[in-house]
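Worksheet: the structure to be examined is printed underneath.
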Amino acid sequence: MNATGLSGILWIGFVLYWSAAARGSSAPTLSSESVKSRQVHVLLMYGALALAFVRVPLLNGRWLPKTTAVIAAGFAVQLGSFALAAWARHHLGRNWSGEIATKAEHRLVRSGPYRLVRHPIYSAMLGMFLGTALISGTYHALLALGVISVAYVRKIRLEERRLGEVFGSDYAAYRREAGAVIPWIL
């Protein structure tokens, strides 16, 4: 099996883990984004995932050399991102939701990775796609990273608005203290 195939296996493991974690206990939802808004995100996410692995004729060229160091760096980023997502999901506990939602007894989580970034799961997803793009080294995988970046920029804007409404000045203070996806940078 080649390196891109192994990256795909990591993605399958991630999806299985995430699906199992999503079945855990979650607080009742009081309000959430519209079905159409959620569908836009899901479409972009699955489209990006397909683009990361499906060979696209005009985009099958390489943007990176196929070296052991680059591929190893890609696996390190992908594995580290998987771990970050699991850590963040653990700290969210009953507040987690796949859609942008307000939960019963919703609280502002600032522990674990949330001490440094407001959206560590989104950071992790971007990292998973970056790792795959490094491993693959192809333009279609790089384009997938671009598509998922657009998806999460959109989702972060919507979620930031919702969290500001729910937590007010506490969230405004948190925004000043923690980056959105990269500590001290972004």
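The values are calculated or read from the model by the stated rules, or taken from the named source; none is laboratory data. Worth saying up front: this structure is predicted, and the values here are computed from it rather than measured. For neighbour counting, all protein chains shown are included, and Cβ atoms are generated from backbone atoms with ideal geometry for every residue, glycine included. Calculation scope for accessible area: heavy atoms of the full protein, side chains included, ligands and nucleic acids excluded. Shrake-Rupley method; radii C 1.70, N 1.55, O 1.52, S 1.80 Å.
In table form, for the structure just shown:
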quantity: Cross-chain or 6+ apart pairs with Cβ under 9 Å, the stretch 165-177 first and among the aliphatic types (A, V, I, L, M) and at pLDDT 95 or above, then part of a helix (DSSP H, G or I) and surrounded by 12 or more Cβ atoms within 10 Å (Cβ to Cβ); calculated: 172/164
quantity: From the options 136, 81, 123, 97, residue that is surrounded by fewer than 20 Cβ atoms within 10 Å (Cβ to Cβ) and either among the hydroxyl-bearing types (Ser, Thr, Tyr) or farther than 22 Å from residue 161 by Cα (or both); calculated: 97
quantity: Residue match in the stretch 14-26 (condition: under 26 Å from residue 132 (Cα atoms), open to solvent by 50 Å² or more (accessible area, probe 1.4 Å), in a loop (DSSP other than H, G, I, E, B) and not acidic (Asp, Glu)); calculated: no
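This table checks each residue for (1) closer than 24 Å to residue 161 by Cβ; (2) touching a Phe, Trp or Tyr at 6+ places or on another chain (Cβ under 6 Å); (3) open to solvent by 40 Å² or more (accessible area, probe 1.4 Å); (4) touching a residue at least 12 places away in the same chain (Cβ under 8 Å).
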{"position": "72", "(1), (2), (3), (4)": "no, no, yes, no"}
{"position": "85", "(1), (2), (3), (4)": "yes, no, no, yes"}
{"position": "90", "(1), (2), (3), (4)": "no, no, yes, yes"}
{"position": "105", "(1), (2), (3), (4)": "yes, no, yes, yes"}
{"position": "108", "(1), (2), (3), (4)": "yes, yes, yes, yes"}
{"position": "115", "(1), (2), (3), (4)": "yes, no, yes, yes"}
{"position": "118", "(1), (2), (3), (4)": "yes, no, no, yes"}
